[in-house]
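Scroll down for the structure; my scribbles are underneath it.
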Amino acid sequence: MTYLLLAALFLVVAAVVAAVAHRIAARRAGPPGTRPIGWRPVVLAAVALLVLTAVFDNLMIASGLFTYADAHISGLRIGLAPVEDFAYPLAGVILLPALWTLFGSRRAR
Amino acid sequence: MSFVYLAVLLVSAAGVLVVDRRFRLFVWDGPGRAAAVLVAGTAFFLAWDLAGIGLGVFLHGAGPYMTGLMLAPELPVEEIVFLAFLCELTMVLVLGAQRLLGRAAVREDGPR
């Protein structure tokens, strides 16, 4: 269960940091012409990333690039890919756009 | 020593960067801002990887496609390239989707 717990932990960290980043950015003025990213683009990107992950993670594991200690993973897999691997792109699509929004905002003068 | 995996990663990254540049989505929209996101994102994923390695979850494979150059135990140099690529791909997909949805909305409204 170690990998599952680790994945859950980093997902929570990503969500918390993203929420804080959105909060701060909302209070600041953005440069003219930038809109915050709505949920629809994030959901679309997430679907694409999860599909890509399913395909390429399997290819990479089948190619022998890396393996997992059976004792530490939940054992749930999509093909060869442990479900915990899908937490990476999910965390990324939550965290990165939030950071991008924050870095594009300016402190109100 | 093989450069196959690294080459596949770099070619994939180049493809995504071409799209980024063509549509001025991310790096070509604001390079400083993009660099900050890429560094922060890669550091986040790297911390995750290192935690997994430390806990004994991940094991570097003995397969024939990697350079064998290691940055740390069980951490090949290709992993940093992959993580940075994942961050770039994520932002290009998100900002690309935003651009496409914005265009679709404009078309629905029709000319004013």
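In the context of the full set of protein chains, region A:3-103 has a per residue accessible area of 50 Å² (1.4 Å probe).
For peptide B:73-80, the mean count of partner chain Cβ atoms within 10 Å of a residue's Cβ comes to 1. Counting charges near B:GLY52 (Lys, Arg +1; Asp, Glu -1) among other residues having Cβ under 10 Å from its Cβ returns a value of -3.
Between 0 and 90 degrees, the angle of helix B:4-23 with respect to the longest Cα principal axis of chain B falls at about 20 degrees. Sequence-distant contacts, meaning Cα pairs under 8 Å at least 6 residues apart, place the relative contact order of chain B at 40 percent. Run the numbers on chain A and let me know its relative contact order in percent, using alpha-carbon pairs under 8 Å that are six or more apart. Dividing the mean separation by the residue count of chain A yields 55 percent. Ordered from highest to lowest accessible area with the whole protein assembly present and a 1.4 Å probe, B:VAL16, B:VAL39 read as B:VAL39, B:VAL16. In degrees, nearest 10, range 0 to 90: what is the angle between the Cα axis of helix B:77-109 and the longest Cα principal axis of chain B? It is inclined by approximately 10 degrees. Surface composition of chain B: carbon and sulfur make up 69 percent of the accessible area, probe 1.4 Å. Using a 1.4 Å probe over protein heavy atoms, the accessible area lost on pairing B with A, summed over both chains, comes to approximately 3500 Å². B:LEU50 sits with roughly 80 Å² accessible to a 1.4 Å probe, with DNA, RNA and ligands left out of the calculation. Note on exposure: A:MET60, B:MET91, B:MET70 ranked by accessible area (1.4 Å probe, complete protein assembly) read B:MET70, A:MET60, B:MET91, with the most exposed listed first.
The values are calculated or read from the model by the stated rules, or taken from the named source; none is laboratory data. Since the model is a prediction, treat every value here as computed from it, not as a measurement. So basically every Cβ, Gly included, is an ideal-geometry build from the backbone, and we count neighbours across all protein chains shown. Protein only, heavy atoms only, side chains kept; ligands, DNA and RNA dropped before computing areas. Shrake-Rupley method; radii C 1.70, N 1.55, O 1.52, S 1.80 Å.
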